[in-house]
């Protein structure tokens, strides 16, 4: 019987089926160990879930990974799941959703380290420089403060007792020295979301986000993958002195995208533009000649700004503050926070400007004008003069002759 090997081309070494399978699969260049992919559940058996990877060959996943704590399966055939490619084992494409749980051991953790696959971790306690994180229930690891989140952790105690996915960044001393990072995974997810947003996020859009932090200069809002800043001037139509008067961390808000600078990772947002513009009805609410009580919101060398409604500020020019007397600065007459009664002298809705004057001075001017007008009217309505003494005598003599 002729040896089959004699038919092989000269110089070709014998290869196992697994070697051929792996070599042919790698030649596609489509997937690498540790790569995150979306796969479809083809079939569920007693121990394994078979997956359609969209590539050559089916994948397999341990059925227990897709069960809840009570052992109930959380997926069905046809569902799509996110998994990480482990490699080829026993001629099969092995996948995992995340290494963790009681079944994971040091060998699996080392594999996760080499392939970059996330592991499930439990934040046990705070230690010097960071946190002690338990992997696979019993294996100790260390997560530095700087690697727990993208932003600085202000309240470490809030993380104790919680489960998070981590990446093994250092696996030393045969598992006795393991360092993990949650930040690495968060940054990867952020980069993926950012790339998606680059295609969809446009200036002028109204989007929903979550307030991630409050600062003296405004509020940062997470849009999912990127953060944008609402400057103080864009928090409302009125003057805002403290961002905490308007927003709180964790609050969901609708914002308008004002400006996008992908090169410098800067996105400017506006909360103000999602709110009704109070100037639309300003002429009806504050007509010329009307009186209102307001509060001095700001002093400038040229006058005093007065808030007379939500988002409505008017200006009392310095020339109208001295009551006819020349002053050098508005602070000589008023100070910020003072309650004053003002009169609306002029309304410019297009430029969003109100010209005001102090009510007391305006009333004095009005009274003086009314007094002068009354005097002129009385003078015009008074009877003509009776004439000189000679005229009176002539009139008397004329009457005597007639009699």
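The values are calculated or read from the model by the stated rules, or taken from the named source; none is laboratory data. Treat the numbers as computed from the prediction; the structure is a model and nothing was measured. Glycine also receives a Cβ, built like all others from the backbone with ideal geometry; neighbour counts cover every protein chain displayed.
Residues that are modelled with pLDDT of 90 or more, closer than 13 Å to residue 257 by Cβ and not in a strand (DSSP E or B) within the stretch 224-237 comprise just one, 234. Looking across 211, 180, 207, one residue alone is farther than 20 Å from residue 149 by Cα and either assigned by TED's automatic domain parsing to the domain that holds residue 246 or touching a residue at least 60 places away in the same chain (Cβ under 8 Å) (or both). It is 207.
Note on the stretch 47-61: residues that are surrounded by fewer than 20 Cβ atoms within 10 Å (Cβ to Cβ) and touching a helix residue (DSSP H, G or I) at 6+ places or on another chain (Cβ under 7 Å) amount to 4. Working only within the stretch 176-198, note down all residues that are in contact with a helix residue (DSSP H, G or I) (Cβ under 9 Å, 6 or more places away or on another chain) and surrounded by 15 or more Cβ atoms within 10 Å (Cβ to Cβ). Across the stretch 176-198, the qualifying residues are 178, 179, 180, 181, 182, 183, 184, 194. Within the stretch 110-121, can you find the residues that are outside any strand (DSSP E or B) and either under 32 Å from the mean Cα position of the chain (by Cα) or crowded, with 18+ Cβ neighbours inside 10 Å (or both)? Correct list: 111, 112, 113, 115, 116, 117, 118. Which residue is nearest to residue 235 (Cα to Cα), if the candidates are limited to the stretch 313-329 and must be in contact with a helix residue (DSSP H, G or I) (Cβ under 9 Å, 6 or more places away or on another chain) and modelled with pLDDT of 85 or more? Filtering the stretch 313-329 for residues that are in contact with a helix residue (DSSP H, G or I) (Cβ under 9 Å, 6 or more places away or on another chain) and modelled with pLDDT of 85 or more, the one nearest to residue 235 (Cα to Cα) comes out as 316. Can you find a residue in the stretch 122-144 that is more than 18 Å from residue 163 (Cβ to Cβ), at pLDDT below 85 and not in a loop (DSSP other than H, G, I, E, B)? No, every residue in the stretch 122-144 fails to be more than 18 Å from residue 163 (Cβ to Cβ), at pLDDT below 85 and not in a loop (DSSP other than H, G, I, E, B).
Contact map, the stretch 53-77: first residue closer than 18 Å to residue 37 by Cα, second residue part of a loop (DSSP other than H, G, I, E, B), Cβ cut-off under 6 Å, separation 6 or more or different chains; pairs are 55/30; 59/53; 63/47; 65/97; 66/74; 66/75. Selection of the stretch 312-328 for residues being more than 17 Å from residue 346 (Cα to Cα) and surrounded by 14 or more Cβ atoms within 10 Å (Cβ to Cβ) yields only 322.
Per-residue answers, yes or no, for (1) crowded, with 17+ Cβ neighbours inside 10 Å; (2) in the same structural domain as residue 44 (by TED's automatic domain parsing); (3) more than 33 Å from the chain's Cα centre (by Cα):
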{"residue": "68", "(1), (2), (3)": "no, yes, yes"}
{"residue": "84", "(1), (2), (3)": "yes, yes, no"}
{"residue": "123", "(1), (2), (3)": "yes, no, no"}
{"residue": "130", "(1), (2), (3)": "yes, no, no"}
{"residue": "135", "(1), (2), (3)": "yes, no, yes"}
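Screening residue 221 on (1) surrounded by 18 or more Cβ atoms within 10 Å (Cβ to Cβ); (2) free of Cβ contacts under 8 Å to residues at least 60 places away in the same chain; (3) in a loop (DSSP other than H, G, I, E, B) shows it passes everything except condition (3). Is there any pair with a first residue in the stretch 158-174 that is more than 16 Å from residue 132 (Cβ to Cβ) and a second that is assigned to a helix (DSSP H, G or I) whose Cβ atoms are under 6 Å apart and which are 6 or more apart or on different chains, and what are they? Going by the 6 Å Cβ cut-off, the qualifying pairs are 165/185; 167/184; 167/185; 171/110; 171/113.
Name the single residue, out of those in the stretch 54-84 being modelled with pLDDT of 80 or more and out of contact with any strand residue (DSSP E or B) (no Cβ under 8 Å at 6 or more places or on another chain), that is farthest from residue 115 (Cα to Cα). That would be 72. With respect to being more than 23 Å from residue 139 (Cβ to Cβ) and modelled with pLDDT of 80 or more, residue 51 fits the description.
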